[in-house]
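I have placed the structure first, in the form of structure tokens, so that the comments after it can refer back to it.
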Amino acid sequence: MKIDNSIVDKVAGLSKLEYKGEEKEAIKKDMERILDFMDLLNEVDTEGVEPLKYVTEGMLELRKDVAHTDITKAQALENAPSKDSDYFKVPKVLSK
Amino acid sequence: MASNYTNYLTYREALESGSTTAVNEVKSFLTEIESQKHLNAFLETFDETALAQAEVVDQKIKQGTAGKLAGMVIGLKDNLCYKDHSVSVSSKILTHFKSLFSGTAVERLLAEDAIIIGRLNCDEFAMGSSNEKSAFGPVLNPVDTTRVPGGSSGGSAVAVAANLCHASLGTDTGGSVRQPASFTGTVGLKPTYGRISRWGLIAYASSLDQIGPFTKAVQDSALLLEVMAGGDEFDTTSSQKPVDAYASAKSEGPKKVAVLRDALESEGLSPAVKARFIEIIEKLKAKGHQVEVVDFNLLNQMVPTYYVVSNAEASSNLSRFDGIHYGYRSEQATDIESTYVKSRTEGFGTEVKRRIMMGTFVLSTGYYDAYFAKAQKVRRLIQDKTKAIFQDYDFVLTPTTPHAAFKLGHNSDDPVAMYLEDIFTVHANLAGNPAISLPLGTNEEGMPFGIQLMAPFFGEKELFGFSEEMMKL
């Protein structure tokens, strides 16, 4: 399958990634090469086969729905790149 | 003791008799890690906490209250959370991140008095087959430092192979424990999907990821699984099935072993691997086991299925890295969109971004059915066929890898060639079965390679028993 700029731009937009210049050319080539490889799946007839979504079907067990506090607010903020005493800080979202 | 460690029971006797102490072990490993720094296996050692824990363990040994893993010095792959210690998945995007909790597997090791000595280099986000894709540089193979150790748990494999700790943990999504075990001459296990809780394992592909140990001896692998396995309320996919006494597993009577024709006749198989593989088949037969070649016919689809599924799951899992809640934020972040885009573009490496792009593509409108749903259907066929084989056979035998470790830089310009490194290992992840790589071969250049044994779901006890027998071949 041919991967053009519009596909890369769309997928990068969804992925919240940016591709420019040489890197953009490289990812186009890589995506084409990998998709050709993935096309080997089309050699298999899967008519009537249900997709496998859970490896261990029928084994999933839910825990009791009881609220508990694992970490404090201060701990939750510990690893943030920018914060004050109560909140995560982000650059200005709305412009005037 | 540290350098001639063979298995935990022997070492435990030495601890009990006082001929060594846990503190001595930790100190001698720390010295050895420093002198083997060029291998780049450890990203960080936890000197202070490891020595403190060792002192506690030595006291417990004296008091006779020490746990099942007392004094076993263990390294963790850099994607396993250990409370108040850094963890980065070998990525720039998690620089300065410290875990707020310990993962379940790690908790259970500590509860049995194991000692965590440090965190081990890996391919960034566990994506790679050579450990050349870490943001902190490649790991070198101690057998020949011009070669890769395999990946993605390359640091974990090297730490055991180079005697930098007694055992280590890795994670295996498509072969990331077994392939580096093959390349370094160590024992590497991927348990049944759900046997060990994934809580506290930084996710790559959630339907494929499993934690697994690297060890010198099969019995150590069994012991570690025994401690780590079992249900966990924090991971709904963890199995509540009772945990067997793996460490005392013995194989009894003749077994039925299936060899996959596609693997045996695979064009990519190196002569040394093929010759040894055939020799092992003959030796098993001579011991009275029934070994038969069976058709599978989906070998060519294994790796493409794996890449569609794993990349899709990665694209979803890695969306949590947003430059806001934790980890790296770009200095060029001026608004909300650029906070996401610039932080992720600068924070992730090339291979990680490539997989996010592929995963997002196969999940996107217009391509979902053709790629993602198609791969899930092929995955069902692979699982069904595998189950059918285990109706008639006890084990499936293949080489772990088509060849021994390759040179650094060898597969660097072709992602597909690198992906094919996983051809024999992804099967167990796609189907969910347990599999182990046993160090049973050496090629003409003296490089080790592994033979892989796969068992039915939750067949670890039989797997370990037969592995002990295989190690004598």
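Return the loop-located chymotrypsin sites (Phe, Trp or Tyr not before Pro) in segment A:28-96 (DSSP other than H, G, I, E, B) with at most 15 other Cβ atoms within 10 Å of their own Cβ; answer none if there are none.
A:Tyr54, A:Tyr87
Separation of segment A:48-69 and segment B:42-71 by C-alpha centroid, Å?
37 Å
Looking at segment B:8-248 only, what percent of DSSP beta bridges run antiparallel? Nearest 5 please.
60 percent
Between B:Lys256 and B:Thr442, what's the calculated FRET efficiency when r is the beta-carbon distance and R0 is 25 Å? Round to 0.05.
0.35
Can you return the lysines within cross-link range of A:Lys20? Criterion is Cα-Cα under 16 Å, with same-chain partners fewer than 8 residues away left out.
A:Lys10, A:Lys28, A:Lys29, B:Lys342, B:Lys353
Need one value for A:71-82: mean number of C-beta atoms belonging to other chains within 10 Å of its residues' C-beta atoms.
Taking all residues of A:71-82 together, the mean is 4.
PRE reach from A:Lys29 (point 7 Å along Cα→Cβ): which of segment B:336-375 fall under 19 Å by backbone N?
Counting backbone N atoms under 19 Å from the label point, the list is B:350-355, B:357-358.
Report, for chain B, the % of DSSP beta bridges that are antiparallel, rounded to 5.
The antiparallel fraction comes to roughly 65 percent.
When you count, for each residue, the other Cβ atoms within 10 Å and take the mean per peptide, how do B:87-93, B:73-79, B:391-397 rank with the highest first?
B:73-79, B:87-93, B:391-397
Packing-wise, with mean Cβ within 10 Å as the measure, how do B:148-155, B:124-131 rank, highest first?
B:148-155, B:124-131
Could you pull out every whole DSSP H run in chain B that spans at least 18 Å of Cα extent along its own axis and averages 1.6 or higher on the Kyte-Doolittle scale?
Helices meeting the criterion: none.
Ignore the peptide's own chain and count Cβ atoms of other chains within 10 Å of each Cβ in A:44-51; give me the average, rounded.
Partner-chain Cβ atoms within 10 Å, mean over residues of A:44-51: 6.
If the cut-off is 28 Å between C-alpha atoms, which lysines fall inside it for A:Lys64, apart from same-chain ones fewer than 8 positions away?
Within the straight-line cut-off, A:Lys64 pairs with A:Lys53, A:Lys73, B:Lys83, B:Lys241.
Any idea what the alpha-carbon Rg over 2.2 N^0.38 Å comes to for chain B?
The reported ratio for this selection is 0.93.
Check each of the trypsin sites (Lys or Arg not before Pro) in segment B:384-473 and keep only those in coil by DSSP with at most 16 other C-beta atoms within 10 angstrom; list them in order.
Passing both the DSSP loop test and the Cβ count: B:Lys472.
Taking only DSSP H segments of four or more residues, each worth -39500 (n - 2.57), what value at 222 nm results for chain B once the sum is divided by all its residues, to the nearest 500 deg cm²/dmol?
About -11500 deg cm²/dmol.
Can you give the % of DSSP beta bridges in the protein assembly as shown that are antiparallel, to the nearest 5?
Of all bridge pairs located within the protein assembly as shown, approximately 65 percent are antiparallel.
So, in nm, how far is label B:Lys98 from label A:Lys83 when the simple model puts each one 7 Å beyond its Cα toward the Cβ?
It works out to 1.1 nm between the two label points.
List the aspartates and glutamates whose Cα lies under 12 Å from the Cα of B:Lys250, skipping any in the same chain that are fewer than 8 positions away.
Filter leaves B:Glu460, B:Glu462, B:Glu468, B:Glu469.
Size of the dipole of segment B:8-248 about the Cα centre, Lys and Arg at +1 and Asp and Glu at -1 on the beta carbon, nothing else charged, in debye to 20?
In total the dipole reaches around 340 debye.
Once you have the Cα-Cα distance between B:Glu279 and B:Gln63, take 0.36 nm times their residue separation minus that, and quote the gain in nm to one decimal.
Length difference between fully extended and current span is 72.8 nm.
Every number here is computed from the coordinates shown, using simple stated rules; none is lab data. Predicted, not measured: the structure shown is a model, and the values here were computed from it. Here the Cβ is made from the backbone with ideal geometry for all residues, glycine too, and neighbour counts use every protein chain on show.
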